[in-house]
1. How large is the Rg to Rh ratio of the stretch 36-82 when both quantities use alpha carbon positions and Rh follows Kirkwood?
2. On a 0 to 90° scale, report how tilted helix 4-32 is relative to the longest principal axis of the chain, with both axes built from alpha carbons and the result rounded to the nearest 10.
3. What FRET efficiency comes out for Ile34 versus Val70 if R0 is 35 angstrom and r is the Cβ-Cβ distance? Round to the nearest 0.05.
4. Given 4 °C and 1.567 mPa s, how large is the Stokes-Einstein diffusion coefficient of the chain in µm²/s, with Rh as the Kirkwood radius over Cα pairs?
5. State, to one decimal in nm, how far the label point of Ile24 lies from the label point of Leu61, with both points 7 Å from Cα in the Cβ direction.
6. What does the helix-only formula give at 222 nm for the chain: each DSSP H stretch with n ≥ 4 adding -39500 (n - 2.57), the total divided by the residues, and the result rounded to the nearest 500 deg cm²/dmol?
7. How large is ³J(HN,Hα), in whole Hz, for each residue of the stretch 37-50 in order, when computed from phi with the Karplus curve 6.51 cos²θ - 1.76 cosθ + 1.60 and θ = phi - 60°, using x for Gly and Pro?
8. Loop only per DSSP, at most 13 neighbouring Cβ atoms within 10 Å: give me the chymotrypsin sites (Phe, Trp or Tyr not before Pro) in the chain, ordered by residue number.
Amino acid sequence: MVPLILFLAVWAILILGFGLMALITNAMSLRFGISGFMTLMSNTVFVLVALLVLGATGFYLIGVDWSQTVSIIPTAIPSLNL
């Protein structure tokens with residue numbers, strides 16, 4: 001039995017990695033990209049969509065019961081009733 005909170009920890013680590021990569025991508029786009037309105041607009045849309053998705057996911061995760069456990073490997077093999 002694996003505690004569900006373990007999946008939350010793995011998800012949080014992956015989100016931190018995404019945030020770091022998004023920060024680097026936006027910084028490089030603004031620093032070395034073609035300077036103009038579309039560069040700023042595309043970066044703004046990217047950040048807003050990412051924040052919207054992360055916020056919606058966060059609201060969903062608030063309602064999850066993290067004290068539950070998950071069985072990765074079943075303990076019994078279901079029988080085949082032919």
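What follows is calculated from the coordinates using simple rules that are stated; it is not laboratory data. Model, not experiment: these values are computed from the prediction. Cβ sites come from the backbone with ideal geometry, for glycine too, and all protein chains shown count toward neighbours.
1. Taking Rg over the Kirkwood Rh, I get 1.42.
2. 10 degrees
3. 0.15
4. Calculated translational D: 80 µm²/s.
5. It is 2.1 nm.
6. Using -39500 (n - 2.57) per qualifying helix, the result is -24000 deg cm²/dmol.
7. 5, 5, 5, 5, 5, 5, 5, 5, 5, 4, 5, 5, 5, 4
8. Within the chain, the qualifying chymotrypsin sites (Phe, Trp or Tyr not before Pro) (loop, at most 13 other Cβ atoms within 10 Å) are Trp66.
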